[in-house]
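The values are calculated or read from the model by the stated rules, or taken from the named source; none is laboratory data. Keep in mind that what you see is a predicted model, and the values were worked out from it rather than measured. Note that each Cβ is placed from the backbone with ideal geometry, even for glycine, and that neighbours are counted across all protein chains shown.
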Amino acid sequence: MFTVVGTATVDLFVSNLAAMPRSEGDEFTVDSLVFHDQPLRTSLGGNGANSAYALARLGTTVELVGGLGDDHLGNWMADQLVDAGVGMQSVRRYPGKGTATTLILSDRQQNRLAFHHEGANRAVDSSSLDSSLIRGSDILLLTSYPIMPGLRPQGAVELFREAGQGDTRTAVDIGPAIGEPALLEELRPLLACTDYFICNEHELAVCTGGAELTAGMAAVLEGGAGCVVIKRGAAGAVVLQRENGDIASAGPTGGPAFVPGFSVEVQTTVGAGDSFNAGFLLAVQEGASAEQAARFANAVAATVVSTPDRPLDALSREAVNRLIEPT
Ligand SMILES: Nc1ncnc2c1ncn2[C@@H]1O[C@H](COP(=O)(O)OP(=O)(O)OP(=O)(O)O)[C@@H](O)[C@H]1O
Ligand SMILES: [Mg+2]
């Protein structure tokens with residue numbers, strides 16, 4: 001059983017606009033009000049909600065720890081998660097706070113404007129963490145680290161130490177790269193109790209003060225993490241792990257194991273990283289090596305990126321296995 005701690009955010013998309021509206025005072029004008037023939041799309045988002053949803057779609061048991069507002073978007077989000085089978089015992093509703101939202105406007109010229117309200121995600125702190133849930137989980141994923149101010153850094157360390165009291169393996173994703181970045185110095189106490197450290201290449205470079213990929217991965221292992229997993233977009237992922245206290249290869253060649261991505265036609269990259277995390281940790285839980293788990297995770301993420309509408313709903317074991325072993 002999995003526990004995922006992270007953000008739950010409703011994404012609102014207004015896409016494919018002929019032109020971006022321009023702000024021109026408080027009256028509607030031909031420039032400030034743009035007619036649009038497509039409806040606004042509402043989508044489940046936030047790293048915690050996405051990963052928990054993906055794990056549930058892949059058929060495993062998962063509890064989400066997070067916050068929602070006491071509002072209609074919070075109700076909508078909760079319904080989506082419950083329908084997918086995500087356990088919601090530790091998702092608190094915060095009266096007086098709004099559910100976190102990101103409104104994303106984009107036009108046909110590829111311009112993008114986004115408005116984010118952190119809402120209830122900011123309210124999540126150590127008091128949301130149930131120690132029997134943490135200790136009873138096989139794997140604990142803490143995601144959205146930079147944008148969970150109530151857990152950063154001490155709450156996160158306490159959470160991982162709690163996991164260490166049981167047999168719970170710990171994973172942290174230090175993305176997304178927004179807000180105050182998570183630097184190695186801040187993360188050191190957390191790394192000592194982290195089994196899997198996950199992020200993308202850019203986030204690793206920021207975290208390690210600009211280190212080159214392999215050197216950056218080694219620095220994270222030297223900091224105490226058991227295994228480093230770096231996501232590389234279409235190129236897939238690279239993993240490096242510690243064995244018996246030594247920094248060792250996850251692959252057969254004596255260096256980090258580069259695990260190529262699947263070649264698919266990309267429809268959306270929203271949710272790619274979160275579904276990768278779900279796939280990686282599910283495979284680990286089922287006994288896969290880090291390298292095997294990265295391959296499964298690439299297939300999970302490729303299934304998501306190649307699906308245009310409600311991409312996380314495309315996830316199932318069968319869909320992922322079809323990509324891994326086409327008949
Ligand atoms: N164009 C693509 N083709 C195939 N697979 C992809 C593509 N883009 C992303 N993926 C898959 O999704 C995974 C995660 O994507 P990415 O490397 O962008 O991580 P991230 O930045 O953490 O995620 P996100 O962009 O969702 O925040 C990759 O490791 C890969 O498996
Ligand atoms: Mg990315």
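So the values come out like this:
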{"read-out": "Val206 touching a Gly at 6+ places or on another chain (Cβ under 9 Å) and within 15 Å of ligand 1 (Cβ to nearest atom)", "value": "no"}
{"read-out": "Residues of the range 277-303 that turn out to be in contact with a strand residue (DSSP E or B) (Cβ under 9 Å, 6 or more places away or on another chain) and within 16 Å of ligand 2 (Cβ to nearest atom), as a count", "value": "7"}
{"read-out": "Qualifying position, being modelled with pLDDT of 95 or more, buried (at least 20 other Cβ atoms within 10 Å of the Cβ) and either farther than 30 Å from Asp313 by Cβ or not hydrophobic (A, V, I, L, M, F, W, C) (or both), among Ala257, Ala211", "value": "Ala257"}
{"read-out": "Residues within the range 220-237 that are more than 10 Å from ligand 1 (Cβ to nearest atom) and farther than 22 Å from Ile178 by Cα, tallied", "value": "7"}
{"read-out": "Conditions (1) closer than 25 Å to Gly85 by Cβ; (2) assigned to a loop (DSSP other than H, G, I, E, B); (3) within 9 Å of ligand 1 (Cβ to nearest atom); (4) among the hydrophobic types (A, V, I, L, M, F, W, C): number failed by Val264", "value": "(1)"}
{"read-out": "Close pairs (8 angstrom Cβ cut-off, 6 or more residues apart or separate chains): over 14 Å from Phe276 (Cβ atoms) and touching a residue at least 40 places away in the same chain (Cβ under 8 Å) in the range 302-316, polar (S, T, N, Q) and not in a helix (DSSP H, G or I) anywhere", "value": "Thr307/Gln267; Thr307/Thr268; Pro308/Gln267; Pro308/Thr268; Arg310/Ser43; Asp313/Thr307"}
{"read-out": "Of all residues in the range 154-213 being within 16 Å of ligand 2 (Cβ to nearest atom) and of a type in the set (Val, Ile, Thr), the one that is nearest to Val239 (Cα to Cα)", "value": "Ile198"}
{"read-out": "Test: residue in the range 246-254 that is surrounded by fewer than 24 Cβ atoms within 10 Å (Cβ to Cβ), within 14 Å of ligand 1 (Cβ to nearest atom) and not in a helix (DSSP H, G or I)", "value": "no"}
{"read-out": "Filter result for Arg92 (touching a Ser or Thr at 6+ places or on another chain (Cβ under 9 Å), without any contact (Cβ under 8 Å) to a residue 40 or more places away in the chain, surrounded by fewer than 16 Cβ atoms within 10 Å (Cβ to Cβ) and charged (D, E, K, R))", "value": "no"}
{"read-out": "Test for Leu140: is it in contact (Cβ under 8 Å) with a residue 12 or more places away in the chain, farther than 15 Å from Leu64 by Cα and not in a loop (DSSP other than H, G, I, E, B)", "value": "no"}
{"read-out": "Test: Val304 is buried (at least 18 other Cβ atoms within 10 Å of the Cβ) and more than 15 Å from Ile324 (Cα to Cα)", "value": "no"}
{"read-out": "Filter result for Val270 (within 15 Å of ligand 2 (Cβ to nearest atom), outside any loop (DSSP other than H, G, I, E, B) and more than 30 Å from Glu243 (Cβ to Cβ))", "value": "no"}
{"read-out": "Test: residue in the range 239-251 that is at pLDDT 90 or above, among the small types (Gly, Ala, Ser) and out of contact with any His (no Cβ under 8 Å at 6 or more places or on another chain)", "value": "no"}
{"read-out": "Some residue of the range 219-238 being assigned to a strand (DSSP E or B), modelled with pLDDT of 95 or more and more than 16 Å from ligand 2 (Cβ to nearest atom)", "value": "yes"}
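Rundown of residues vs (1) closer than 24 Å to Pro95 by Cα; (2) buried (at least 24 other Cβ atoms within 10 Å of the Cβ); (3) more than 15 Å from the chain's Cα centre (by Cα); (4) small (Gly, Ala, Ser), yes/no style:
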{"site": "Phe13", "(1), (2), (3), (4)": "no, no, yes, no"}
{"site": "Met20", "(1), (2), (3), (4)": "no, no, yes, no"}
{"site": "Thr29", "(1), (2), (3), (4)": "no, no, yes, no"}
{"site": "Pro39", "(1), (2), (3), (4)": "no, no, yes, no"}
{"site": "Gly69", "(1), (2), (3), (4)": "yes, yes, yes, yes"}
{"site": "Val82", "(1), (2), (3), (4)": "yes, no, yes, no"}
